[in-house]
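Written below as C-alpha cells is the structure these notes are about.
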Amino acid sequence: MTRKNKIVLVVMILAGLVIFGYSLRGVNLHQVSHDILNLNVGWLLVALLCIILYLGFEAVATKVLVESNGDRLSWKDAIRIPLIEQLFNGLTPFSSGGQPAQLVALMQSGIEGGRASSVLLMKFVVFQSMVVLNFIFSLLIGFQYLEDKIKFLSWFVLFGFLIHLAVIIGLLMIMYWHNFTKKMFDLIFIPIKRFTKPERYLRWKTSIDAKVDTFYLESVRMKSQWRLLAKVALLTFLQLLFYYLIPYFILLALGKTHVHLIMVTCLHVLIFMVISLFPIPGGAGGAEYGFSVIFAQFVGNSSKLVLAMIIWRLLTYYFGMFAGMFATVIKPNRINRIVPKKRANKLVFLFFFKKSLDLI
C-alpha cells in the first residue's frame, strides 16, 4: 500500500466512526447495549459465513479462470485476490481501484500481464451481467415497495441500474459491433478535442482505442469458451446470493423472525445499486442512509435499526478491507506457467489447423 492509500484508509475508518456516532444520536444507548447482549449469535455467525462465502466463491471463480488456460494458481493466492480487491475497492471512488490491484496481485503470483488482464476482463463481464440480471428480478419484486414507502429513493435505484445496464450494453456493442462502436467513440471525442490539449487528447484517444481493441479480441475468445463462462456465471451467482442474504440473517439475529426472505434479499440488491452512485469510497454515508431508510419498515425499533446498520456495514465493507490489509502483507506463491504436454500438443495442433483453414 502506498502512503496515499494508508491515509485514505485512516480517513475512511474515521469517517465510519463519525457516521456510526451520528447514527447513534438520539438513540437510547442503554437500549442499544441491551440489544447487543440479546443478539442471536448463531444467526450472526451465519451472516459472517455469508461474507466469507462471498469472498470464497470469487476466489474459486478466479482460480477456475486462471487455470483454464494452463496457468497455475495456489489456493492461498486465489483467496488473496478478492481480499486485495475488497481493500482497494473500499479505498477508491466507484470501486475503481479493485481491478488494477487484482492485476498486480495476479502478476505477483506469476501470471503473465496479458493473461491476468484477460482473466479480470472475463470476471468483470460475468459479474456485471449477473448484477444486472439479479437487479431485474429484484426490481420486479421490491420496486413497488420502494415506490410506496420511499418514493424518492426509487429514482436513485433506477439511475444506478441504468449505469450498470449501460456498461453491459457498451460491452456487448464492442463484442458484436466492434467497428461501429469505434466510430461512436470517434464522434464522442470530437467535442473533447476542442476543449483539451492535443497531447492529452491523443493520449486519451489512444488509450480508449487500445482498450476497445483488447476487449474485442478477448471477447472473441470468450465466446468460444461458453462452458467456462457458464461455470463462472454460476459461481458468481452463488457469490452474489450469499452477499445479498446478509441483511436477512442480521435481522434474524436481532429477533425479527417475521421478515420475508425474498423481499429482504431483493431490497439488498437495490441497495447495492444505490451505493454504486456515490463517488465517495465505499459509498460512505449513502450506504448507511440507504440501509436505514429501506429496512426501517422491517425493524421499527430505532436502536435495533442502527445496530443492524452497523453490523451490516462492518460485515460488507470493513471486514473485506481489514482482511485485504492482511492479504497485502502475505507473500504470494510465484508459480510459473505450466502447460501439460498433452494440452500443449493440442494447442499446437489447433493453431496449425486454424492456419490451414485460413489458407483455404
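The values are calculated or read from the model by the stated rules, or taken from the named source; none is laboratory data. From a predicted model like this one, the values you see are computed outputs, not experimental measurements. Neighbour counts run over all protein chains shown; Cβ positions are idealised from the backbone, glycine included. Please note that ligands, DNA and RNA were not included when accessible areas were found on the heavy atoms of the full protein model with its side chains. Shrake-Rupley method; radii C 1.70, N 1.55, O 1.52, S 1.80 Å.
Which length gain, in nm to one decimal place, applies between Val64 and Val329 when the Cα-Cα distance is subtracted from 0.36 nm times their residue separation?
Extra length from Val64 to Val329 when fully extended: 93.0 nm.
Using the basic label-point model (7 angstrom from Cα toward the beta carbon), what is the Ile141 to Phe124 distance in nanometres?
Here the modelled spin labels are 3.0 nm apart.
Express the accessible area of the range 124-258 per residue in Å², computed with a 1.4 Å probe while the remaining protein chains stay in the model.
It amounts to 59 Å² per residue over the range 124-258.
What accessible surface, in Å², does a 1.4 Å probe find on Val11, ignoring ligands, DNA and RNA and rounding to the nearest 10?
80 Å²
Go ahead and run the numbers for FRET between Asp148 and Lys197, Cβ-Cβ distance against an R0 of 41 Å, rounding to 0.05.
Working from the Cβ atoms, E equals 0.20.
Got a sec to turn the phi values of the range 72-80 into Karplus ³J(HN,Hα) couplings, 6.51 cos²θ - 1.76 cosθ + 1.60 with θ = phi - 60°, whole Hz, x for Gly and Pro?
10, 9, 5, 5, 4, 6, 5, 6, 5
For mean projected area of the Cα convex hull in nm², pick the label among [x] 18.5; [y] 21.2; [z] 22.1 that corresponds to the value derived from the coordinates.
After the calculation, the listed value that fits is [z].
Length gain on complete extension for the stretch Leu49 to Phe237, per 0.36 nm per residue less the alpha carbon to alpha carbon distance?
66.0 nm
Given a Förster radius of 35 Å and the C-beta distance between Ile262 and Val104 as r, what FRET efficiency does 1/(1 + (r/R0)^6) yield to the nearest 0.05?
That gives a FRET efficiency of 0.35.
Which GluC sites (Glu not before Pro) does the range 31-140 hold that lie in a coil by DSSP with at most 15 other beta carbons within 10 Å?
Hits after loop and neighbour filter: Glu112.
Rounded to the nearest percent, how much of the accessible area of the range 179-320 (1.4 Å probe, protein heavy atoms only) is carbon and sulfur?
Numbers: 4630 of 6780 Å².
Carbon-and-sulfur percentage of accessible area, whole number: 68.
How high is the FRET efficiency from Ile168 to Ile36, r the C-beta distance, R0 45 Å, rounded to 0.05?
0.60
At a threshold of 8 angstrom on Cα-Cα distance, excluding pairs fewer than six apart, so keeping six or more, what relative contact order does the chain reach in percent?
Values: 368 pairs, mean separation 126.1, N = 360.
RCO, the chain: 35 percent.
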